Amino acid sequence: MLEGLLVPMFTGFRSDESVAYDETVALAKWLVDAGVDGLVPFGTFGEGASLSLAEKIRLTEEILKVSGTAKVVPSLICNSFGEIAEYLEFANSTKVDGVMVMPPGYFRPGDDGALRKFFERVSTLTTKPVIAYNFPAMSLTINPKVLVGLNLWGVKDSSGSIDSAKAYLDSNIKLLIGSDVLLAEAISLGASGGICGIGNFFPRRMKRINDLARGGKLDEARREVAPVAEFSSGIVQDGFTPGLAISAIKSAAPKFIPISLGDMRTPVPKIVTEFSRWSKSLEYSEISL
């Protein structure tokens, strides 16, 4: 089942911007060893929009070798339906546990009827469960009525709005929340878990938040969320686009992740995070264990 704490893992890059396959696979293994329920390669945190089809295929094959019992749910952020179809054909022959698909957003604002036809077509091309990826800041808004009755697993909601999450759940659409700080609240409303980027840094804590909330211990889960929210707000500045936010967050990786992952791929600029306040108050061992 697609539930629990899944991590949209970073993709590592070398100084020449080629994919650092060994380091990315090492990150996958590190997250699995930390006990996460699943991995979501080349999502927003993994810079999926910057990767070629060949790179996605190779990463999938390599990550599956170290995933163990953790679910592997690759994300497709593509403006080409042809690329989506080609990847799905490949995925059908693998042991991935599902695929997450963002609708092509180049021709925004889009139309609900056309969006429904898109997901109908996607569902006919794969034998794997499909998660629709709602991320209005970067693509088309997927209204609940678009998904009702379709042969999909459900949706990942990265709108940042608990009301949006509730609207999906009220429409009997399964949900994985994409906002770290909303994980506990969304689970209390009926979400199946989360696909949470800060899990790259603090996999054990985010898993604990998930498990506490699913066990009905919402107050404890909220207490565990508080420092994560503070950490995130200390990195991401007001006015950052999603790309700049990920760049700033990735610049923090050397402080918390024991694997060299490099910077973001061109054309996203490098945003260096100032860690003077965090180095004293939020050490790795304190927040992750």
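All of the numbers you see were taken from the coordinates with simple rules; none came from a lab. Predicted, not measured: the structure shown is a model, and the values here were computed from it. For neighbour counting, all protein chains shown are included, and Cβ atoms are generated from backbone atoms with ideal geometry for every residue, glycine included.
Brief remarks on what is shown
- Peptides 207-216, 254-263 ordered by packing proxy, namely the average of other Cβ atoms within 10 Å per residue, highest first: 207-216, 254-263.
- 222 nm mean residue ellipticity, helices alone, for the chain (DSSP H n ≥ 4; -39,500 (n - 2.57); rounded to 500): -12000 deg cm²/dmol
- Neighbour-count ranking [beta-carbon atoms within 10 angstrom, fewest first] of Val181, Val130, Val155: Val181, Val130, Val155
- Between Asn151 and Glu17, residue separation times 0.36 nm minus the direct Cα-Cα distance comes to 44.5 nm.
- Top of Pro41, Pro103, Pro267 by mean-square fluctuation, Gaussian network on the chain, Cα under 10 Å: Pro267
- Cβ-based exposure ranking for Tyr106, Tyr87, Tyr21, in which fewest neighbours within 10 Å come first: Tyr106, Tyr21, Tyr87
- For the options Phe45, Phe135, Phe81, a Gaussian network treatment of the chain with springs between C-alpha atoms closer than 10 Å singles out Phe81 as fluctuating the most.
- Most tightly packed first, judged by the mean number of other beta-carbon atoms within 10 Å of their residues, the peptides 25-31, 184-190 read 25-31, 184-190.
- Angstrom value of the Kirkwood radius, inverse mean 1/r, which spans all Cα pairs in the chain: 18.9 Å
- Whole-angstrom gap from segment 65-141 to segment 164-224, using each part's C-alpha centre: 22 Å
- A cut-off of 5 Å between modelled amide H atoms, ignoring neighbours fewer than 5 places along the same chain, links Lys174 with Val155.
- Ordered by the number of other Cβ atoms lying within 10 Å of each residue's own Cβ, fewest first, Thr124, Thr11, Thr24 fall into the sequence Thr124, Thr24, Thr11.
- Projected label distance in nm at Tyr106 and Ser52, using a 7 Å step from Cα toward the beta-carbon: 1.8 nm
- Cα gyration tensor category, rounded, prolate or oblate, for segment 42-157 with a/c compared to 1.5: prolate
- Counting charges near Leu169 (Lys, Arg +1; Asp, Glu -1) among other residues having Cβ under 12 Å from its Cβ returns a value of -2.
- Among Val99, Val146, Val72, the largest mean-square fluctuation in a Gaussian network model of the chain, built with springs joining Cα atoms closer than 10 Å, belongs to Val146.
- R0 of 22 Å, Cβ-Cβ distance Ser161-Ser233: FRET efficiency to nearest 0.05: 0.80
- FRET efficiency for the pair Asp170 and Ser260, taken as 1/(1 + (r/R0)^6) with r the Cβ-Cβ distance and R0 = 41 Å, rounds to 0.40.
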